[in-house]
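Engineer: What follows is a single structure, and I will ask about it in a moment.
The values are calculated or read from the model by the stated rules, or taken from the named source; none is laboratory data. Note that this is a predicted model, so its numbers are computed, not measured. Here the Cβ positions follow ideal geometry from the backbone for every residue, glycine too, while neighbour counts run over all protein chains shown.
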Amino acid sequence: MKRPSFKSLMAALCLVAASHLPASPVPTTTTLANCTVSLPEAARFIAVEPSSAPQVWCLVENSANKPRDLRLDLLLNRIGAEPSLHSQTIQLDAKESRRINLPSAWFEQFGVYRLDYRLAEEASQASPWGSDLLAIYPRNPQPAAGESAMPIGFATGAALCTPRLLEIAASLGFEYYRYNAVWAQVQPQEGVWNWERIDDYLAQVQQHGFQWHVTTTGCPSWATEERFDPPPLEPWREWISALATRHSDSMQFWEIWNEPNIGFFNGSVEEYTEVQRVAHDAIKAISPDTIVTSGGYAGMNHHKSKPGAFEAALLEHPRAYDWFAYHMHDTFPQFYSDLHHQLAAIQQRTGKTDVPIVFTETGFDTRHGQRFQAETLLKKITYAAAIGAKSYTWYNLLDRAGRDNPNQAGKTFGLITNPTGTGDFAAIEDAIRPKESFVAAATAIPKLRRLPALDIWSENDGLFAFLFGRTDEHLLVAWREDPQIPDAIWAVRTDAQQVIQTDLFGNTTELPVVDGVALVTLGAPHYYDFVGSPTTPERLAPLVSLPQTVSPDADGVASLELKLQNPLQRTVTVTATAQVKASLSSTQTVTREIAAGASGTFPMRFDVGQGALGEIVTVDAAFTFKEIAWAPSLEIPVVYNIIRADTTTRIELKSLNQVLNKQDYDPHTLHLLWGSPADLSVRAKIHSSPSSQRIKMTYQVTDNQHYAASAEEPLLDGDALEIGWESEQGVRGHLAIAGDLGTSPRSEFYLDAEQVERPLINAIQITREGKTTTWELTLDTQQMGLSETDFEQSIRFNFAVHDNDGEGPKSWISPTSGLGGRPYFSSEHFYRLELGAAQD
C-alpha cells in the first residue's frame with residue numbers, strides 16, 4: 001500500500017480551528033447587594049444519561065438578612081452558534097442559597113458552553129458580568145471485562161486522582177487508570193513491608209470501576225543511590241513478586257518501568273534488559289495470565305533516547321514481555337510517521353514485525369488551541385485502534401499548567417484545566433474546568449473501544465478513513481488531514497437501516513440513504529455509524545473530483561472545475577453553489593443534469609486577489625439534488641503557492657503553523673520547542689537569471705542563538721538551511737547547508753537520491769549580526785538538473801531553516817510540507833517557483 005510522506009501530513013499543524021471558546025475570564029462569581037451567582041464545580045460537568053435531558057443549574061446565594069427580588073440575566077455561548085440572552089426573575093429568602101435550574105432546551109447539543117451571568121434589581125444597576133465554562137456530554141458506562149476490542153484508560157502522571165476526579169473519569173467510560181506502584185512506600189526499609197497506602201488507594205480506584213494499569217518505576221533509597229538507578233536484581237525480583245502476589249487480579253496489565261530509553265532510567269540498554277527480564281519472569285511465575293508490557297518507550301525522535309534501545313527492546317519479545325509499550329506526545333502526523341516509517345524500519349531490521357503494540361502514554365497539548373487537541377485525540381485513538389493496538393492510555397486527565405498560560409506546550413495534555421499547575425489535585429478540585437477534549441473523549445471512548453478494525457479505506461494524500469465493525473454494526477471514522485487540499489465526498493454503498501453521522505462532541509445527524517448509497521465527507525473529523533448493516537459498507541468512487549491543490553493565477557483568479565460522478569442508476573439534476581467564505585457577493589451557481597453513472601462538470605471562477613506565500617482563501621461549495629435528500633458540502637482551500645522571482649511574492653515565516661519539531665517532545669523537553677518569531681523566523685527573496693543560469697537566494701533569519709552542528713553531528717541537527725526542488729522532467733534535488741559562518745560552509749547535495757560532489761553552489765556567504773543570520777547564495781541551474789523548459793514554466797520548490805540552540809536539535813520552519821531531512825523528502829506539496837519571469 002502506498003504510504004504518504006511524513007511531511008505531507010505535517011501541514012496539519014496549520015489547521016487550527018478558530019471557533020473554540022476562549023477560557024473563562026475572571027471573575028467567575030458576580031455580586032450585587034450581598035447576592036452572588038456562580039457555577040460550582042458540580043455544575044460544570046453535566047453527564048447526560050441516555051434518552052435524558054441535561055440537568056443544568058447555577059447557584060444563587062443571598063447573604064443578606066432580608067429577602068431579595070432579583071433578575072438573573074444569562075448569556076449562553078456555544079461553539080458554532082450565536083450567543084443568546086435569557087432572563088428570569090427569582091425570589092430569595094434571607095440567607096438562602098438556591099440552585100437555579102436552567103431550561104434543558106438551552107443545552108440540546110453536547111459540547112463546551114460558556115455561561116455569562118449577572119444579577120439586577122429594578123431600582124439599581126446590574127452587577128458586573130461573571131463567566132464560567134461547563135461541559136454537556138454523554139455519560140458512558142464502563143464496559144465489562146473483555147468487552148472492548150481496544151480498552152482505553154487514562155493517566156495523571158505522578159499525582160494521584162481524588163475521589164471526585166475518579167468519578168468524573170468514570171463518567172467518560174475509561175476502563176483503567178495508569179499510575180505507579182511506589183516501591184519506596186511499600187518497602188521503606190529493606191525487610192520492612194507496609195501495604196496500607198497502596199491497598200487503600202487501589203480500593204478507592206476499584207470503587208469507581210477501574211482496573212489498574214500498573215507501572216513499576218524507581219527504587220527506594222536503601223536499594224540505590226538515585227531513584228532511577230538500575231535496581232539490584234534480587235531485591236527487585238522480591239518486590240515485583242510481592243506486588244504480583246498481592247494485586248495481580250486487579251491489574252489491567254503491567255508496565256515494567258517508565259521510559260527506560262531516556263532519563264527515567266540511569267542505566268544502560270543492557271542493564272534495563274536484565275531488569276525487564278527479571279520482572280517478567282517474577283510476574284509470570286505467580287500470575288501467568290497477567291499481561292506484561294515492555295517499559296513505556298519515549299518516542300524514538302526524543303533527543304535523549306539511548307542508541308539501540310528500540311532494537312534491543314524489540315528483540316526481547318516474547319522473552320521478556322507480551323506487548324511493546326510506546327509513548328508519543330506529538331501531533332497525529334508525527335504519530336503516524338513514527339509508526340509507519342521509523343518503527344516499521346526498525347521492525348524490519350530486527351525481523352520483529354509482529355510484536356503487539358500498546359500505547360501506554362500518549363496525548364497532545366493545547367499549544368495549537370483546544371479544538372486541535374480535541375481533534376488530535378480522535379485521530380490518535382482512531383489510528384491506534386485501526387492498527388490493532390492492544391489498548392490506549394490518554395495522558396493526561398488534568399493539565400499541569402495554570403490559568404495564566406492555558407495553552408502552554410507540554411503542560412496542557414489534560415482533558416480538564418488546572419488553575420495553578422499543582423499536583424495537589426485536592427487543593428484545586430473546586431476550580432477545575434472542562435476542555436473541548438473532555439467532551440471529545442466522551443464521544444471517542446465508547447465508539448473506538450468497541451469494534452475491531454476491518455479495513456483502511458484511505459491513509460494517502462492527506463485523507464484518512466478507517467473502517468471498524470462486526471455483524472450488523474460498522475463504524476467509519478474519516479477526516480481530511482492536510483489543510484491545503486480540498487475536502488472529499490465519497491459515495492458509500494450500504495444496506496444499513498440507518499447511517500448516523502456524529503461530530504467530534506457526540507452530536508448526531510441521520511444521513512439519507514438513496515438507492516442503497518450514502519454520502520460521507522472527509523473534512524472535519526466525523527464518525528459514521530452504519531446501523532443494522534449485515535454486509536460491510538463498500539466505498540465507491542468520490543462523488544466530486546478536484547485537483548489536489550487549487551491555486552490562483554498571476555492575476556489572483558482561482559479557476560475551479562468541480563466534476564461530479566453520479567453514483568446512482570438513474571439520472572439526477574444537481575445544482576452546485578460556491579462562494580468565497582464570508583463573501584456573499586461572489587456566489588456562483590451552476591446546474592447540470594447527469595445521466596446514471598455519468599459525470600458532469602461545474603466550472604467556477606473567483607477573483608481572490610493577491611496573497612502572501614502559503615496564505616489560504618476558502619471556497620465553500622454545496623450541492624443540491626432535485627427530489628433527492630442529499631445535500632453534501634465541502635471546503636476548497638485556494639492556496640497561494642507560486643513564488644514569482646523578483647516580483648511582489650512575500651515569503652515570510654513567523655507563525656507556529658509553519659514550525660515543526662526535530663524530536664518528540666514531552667514535559668521534559670519544553671526548552672527544545674519553538675517559542676516565538678524571536679526564537680526563529682525568516683524573510684526570503686529569490687532572484688532568477690535565465691541568461692547566466694543562476695538562481696540567487698537571500699534568507700534573513702532571526703534566531704536568538706546560533707549553533708552549527710559539529711563535524712561529528714548530522715548537518716541538519718545544527719542551524720542549517722535545507723532546499724528541495726523537482727523539475728518538470730521529474731529531476732529531484734536536495735541540498736543541505738550547515739550554518740558555518742563565512743564563505744565555505746559544509747554541504748550535502750543529492751540529485752535523484754544520489755549524493756554528488758559537483759559544484760552546485762556558485763557563491764555563498766553566511767553572516768551573523770546581532771540575532772540575525774543572513775544567508776546569501778547562488779545556485780547553478782545546470783548542476784541542479786534544470787533545463788530551459790523549467791525557466792519557461794516552473795519547478796516545484798521548498799526550503800527549510802533548521803534551529804539548534806546548543807542543547808540538541810530543536811525545530812525547523814518551512815513554507816510548506818515536504819522537507820525535514822532527506823529520508824522525508826517529498827515534493828507532493830511543494831510550492832511552484834517561476835524562474836523565467838525574472839529580468840537580469
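Engineer: Which residues, taken from segment 57-71, are at pLDDT 95 or above and of a type in the set (A, V, I, L, M, F, W, C)?
Structural biologist: Correct list: Trp57, Cys58, Leu59, Val60.
Engineer: Can you tell me which residue among Glu538, Glu561, Glu593 is surrounded by fewer than 16 Cβ atoms within 10 Å (Cβ to Cβ) and touching a Phe, Trp or Tyr at 6+ places or on another chain (Cβ under 9 Å)? Outline the logic, then answer.
Structural biologist: Working: Glu538 fails: touching a Phe, Trp or Tyr at 6+ places or on another chain (Cβ under 9 Å); Glu593 fails: touching a Phe, Trp or Tyr at 6+ places or on another chain (Cβ under 9 Å).
Going through Glu538, Glu561, Glu593 in turn, the sole match is Glu561.
Engineer: Name, by its number, the condition in (1) touching an Asp or Glu at 6+ places or on another chain (Cβ under 8 Å); (2) surrounded by 15 or more Cβ atoms within 10 Å (Cβ to Cβ) that does not hold for Gln705.
Structural biologist: The failed condition is (2).
Engineer: Write out, first by first residue and then by second, each pair whose Cβ atoms fall under 6 Å of each other, whose residues are 6+ apart or on separate chains, and whose first residue, in segment 110-126, is in the same structural domain as Leu85 (by TED's automatic domain parsing) and crowded, with 23+ Cβ neighbours inside 10 Å while the second is modelled with pLDDT under 95 and assigned to a loop (DSSP other than H, G, I, E, B).
Structural biologist: As it stands, the answer is Gly111/Ile79; Val112/Leu21; Leu119/Ser127, since those pairs meet every condition given.
Engineer: Now for a separate question. Please determine whether any residue of segment 294-301 is modelled with pLDDT under 95, in a loop (DSSP other than H, G, I, E, B), closer than 23 Å to Ala384 by Cα and not aliphatic (A, V, I, L, M).
Structural biologist: yes
Engineer: Considering segment 137-149 alone, what residues qualify as being surrounded by 14 or more Cβ atoms within 10 Å (Cβ to Cβ), at pLDDT below 95 and either basic (Lys, Arg) or more than 23 Å from Lys435 (Cα to Cα) (or both)?
Structural biologist: As a first pass, look at segment 137-149 and keep what is surrounded by 14 or more Cβ atoms within 10 Å (Cβ to Cβ): 137-140, 142-143, 148-149.
Filter once more, keeping what is at pLDDT below 95: 142-143.
Pro143 - this is the single residue of segment 137-149 that is surrounded by 14 or more Cβ atoms within 10 Å (Cβ to Cβ), at pLDDT below 95 and either basic (Lys, Arg) or more than 23 Å from Lys435 (Cα to Cα) (or both).
Engineer: State whether one or more residues within segment 626-633 are crowded, with 17+ Cβ neighbours inside 10 Å and outside the structural domain of Asn804 (by TED's automatic domain parsing).
Structural biologist: Yes.
Engineer: Of the numbered conditions (1) surrounded by 14 or more Cβ atoms within 10 Å (Cβ to Cβ); (2) within 26 Å of Tyr640 (Cβ to Cβ), Ser599 satisfies every one except a single condition; which is it?
Structural biologist: Unmet condition: (2).
Engineer: Answer with yes or no whether Gly821 is in contact with a Pro (Cβ under 9 Å, 6 or more places away or on another chain), surrounded by 19 or more Cβ atoms within 10 Å (Cβ to Cβ) and assigned by TED's automatic domain parsing to the domain that holds Ala753.
Structural biologist: Numbers: in contact with a Pro (Cβ under 9 Å, 6 or more places away or on another chain): yes; surrounded by 19 or more Cβ atoms within 10 Å (Cβ to Cβ): yes; assigned by TED's automatic domain parsing to the domain that holds Ala753: yes.
It is true that Gly821 is in contact with a Pro (Cβ under 9 Å, 6 or more places away or on another chain), surrounded by 19 or more Cβ atoms within 10 Å (Cβ to Cβ) and assigned by TED's automatic domain parsing to the domain that holds Ala753.
Engineer: Let me ask you something else. Does Gly157 satisfy being farther than 23 Å from Val48 by Cβ, assigned by TED's automatic domain parsing to the domain that holds Glu361 and of a type outside the set (Lys, Arg)?
Structural biologist: Details: farther than 23 Å from Val48 by Cβ: yes; assigned by TED's automatic domain parsing to the domain that holds Glu361: yes; of a type outside the set (Lys, Arg): yes.
Yes.
Engineer: Would you mind finding the one in Leu160, Leu172, Leu134 that is over 30 Å from Thr89 (Cβ atoms), buried (at least 21 other Cβ atoms within 10 Å of the Cβ) and within 30 Å of the chain's Cα centre (by Cα)? So that I can check it myself, show each step before the final result.
Structural biologist: Numbers: Leu160 fails: buried (at least 21 other Cβ atoms within 10 Å of the Cβ); Leu134 fails: over 30 Å from Thr89 (Cβ atoms).
After applying the criteria, what remains is Leu172.
Engineer: So is Thr509 part of a loop (DSSP other than H, G, I, E, B) and surrounded by fewer than 19 Cβ atoms within 10 Å (Cβ to Cβ) or not?
Structural biologist: The answer is no for Thr509.
Engineer: Please go through segment 109-131 and give me each residue that is more than 37 Å from the chain's Cα centre (by Cα) and hydroxyl-bearing (Ser, Thr, Tyr), ordered by number.
Structural biologist: Correct list: Ser124, Ser127.
Engineer: What are the residues in segment 115-142 that are outside any loop (DSSP other than H, G, I, E, B) and within 26 Å of Ser63 (Cα to Cα), if any? Reasoning before the result, please.
Structural biologist: If we filter segment 115-142 for residues that are outside any loop (DSSP other than H, G, I, E, B), which is where we start, we get 115-120, 130-138.
Result: Leu115, Asp116, Tyr117, Arg118, Leu119, Ala120, Gly130, Ser131, Asp132, Leu133, Leu134.
Engineer: Also, quick follow-up: Suppose we filter segment 184-231 for residues that are within 34 Å of the chain's Cα centre (by Cα) and in a strand (DSSP E or B); how many remain?
Structural biologist: Of the residues in that region, 5 qualify.
Engineer: Condition check: among the aromatic types (Phe, Trp, Tyr) and surrounded by fewer than 15 Cβ atoms within 10 Å (Cβ to Cβ). Does Trp129 satisfy that?
Structural biologist: On the way: among the aromatic types (Phe, Trp, Tyr): yes; surrounded by fewer than 15 Cβ atoms within 10 Å (Cβ to Cβ): yes.
Taking the combined requirement at face value, the residue satisfies it.
Engineer: Which count do you get for residues in segment 528-546 that are assigned to a loop (DSSP other than H, G, I, E, B) and under 26 Å from the mean Cα position of the chain (by Cα)?
Structural biologist: Going through segment 528-546, the residues assigned to a loop (DSSP other than H, G, I, E, B) turn out to be 532-537, 543, 546.
Of the ones still in play, those that are also under 26 Å from the mean Cα position of the chain (by Cα) are none.
Qualifying residue count, segment 528-546: 0.
Engineer: Still on this structure, please answer the following. Taking Gly299, is it of a type outside the set (Phe, Trp, Tyr) and at positive phi?
Structural biologist: Details: of a type outside the set (Phe, Trp, Tyr): yes; at positive phi: no.
No; evaluated as a whole, the condition is false for this residue.
Engineer: Still on this structure, please answer the following. Could you go through segment 89-110 and let me know if any residue there is in contact with a Gly (Cβ under 6 Å, 6 or more places away or on another chain), of a type outside the set (Val, Ile, Thr) and at pLDDT 95 or above.
Structural biologist: Our first condition is that a residue be in contact with a Gly (Cβ under 6 Å, 6 or more places away or on another chain); within segment 89-110, this holds for 110.
From the residues that got through so far, the ones that are of a type outside the set (Val, Ile, Thr) too are 110.
Checking the rest, the ones that are also at pLDDT 95 or above come to 110.
The answer is yes; a qualifying residue exists.
Engineer: In segment 704-731, which residue that is charged (D, E, K, R) and modelled with pLDDT of 95 or more is farthest from Trp775 (Cα to Cα)?
Structural biologist: So in segment 704-731, the residues charged (D, E, K, R) come out as 712-713, 717, 719, 722, 726, 728.
So of that shortlist, the ones also modelled with pLDDT of 95 or more come out as 719, 722, 726.
Numbers: Asp719: 12, Glu722: 12, Glu726: 22 Å.
Only one residue fits best here, namely Glu726.
Engineer: So which residues in segment 721-757 are surrounded by fewer than 17 Cβ atoms within 10 Å (Cβ to Cβ), touching a residue at least 12 places away in the same chain (Cβ under 8 Å) and either basic (Lys, Arg) or closer than 16 Å to Ser794 by Cβ (or both), if there are any at all?
Structural biologist: Scanning segment 721-757 gives Glu728, Gln729, Val731, Arg746.
Engineer: Continuing with the same structure: Give just the number: which of (1) loosely packed, with under 14 Cβ neighbours inside 10 Å; (2) within 22 Å of Glu828 (Cβ to Cβ); (3) among the hydroxyl-bearing types (Ser, Thr, Tyr) does Thr767 not satisfy?
Structural biologist: Every listed condition holds for Thr767 apart from (2).
Yes/no matrix, rows are residues, columns are (1) aliphatic (A, V, I, L, M); (2) out of contact with any helix residue (DSSP H, G or I) (no Cβ under 8 Å at 6 or more places or on another chain); (3) farther than 18 Å from Pro537 by Cα; (4) not in a strand (DSSP E or B):
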site	(1), (2), (3), (4)
Lys447	no, yes, no, yes
Asp455	no, yes, no, no
Ala465	yes, yes, no, no
Ile485	yes, yes, yes, yes
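Engineer: Right, here's the next one. Of Leu680, Leu656, Leu660, Leu670, which residue is more than 18 Å from Tyr831 (Cβ to Cβ), among the aliphatic types (A, V, I, L, M) and surrounded by 21 or more Cβ atoms within 10 Å (Cβ to Cβ)? If you could, list the steps in order and put the result at the bottom.
Structural biologist: On the way: Leu656 fails: surrounded by 21 or more Cβ atoms within 10 Å (Cβ to Cβ); Leu660 fails: more than 18 Å from Tyr831 (Cβ to Cβ); Leu670 fails: surrounded by 21 or more Cβ atoms within 10 Å (Cβ to Cβ).
One residue alone meets the criteria, Leu680.
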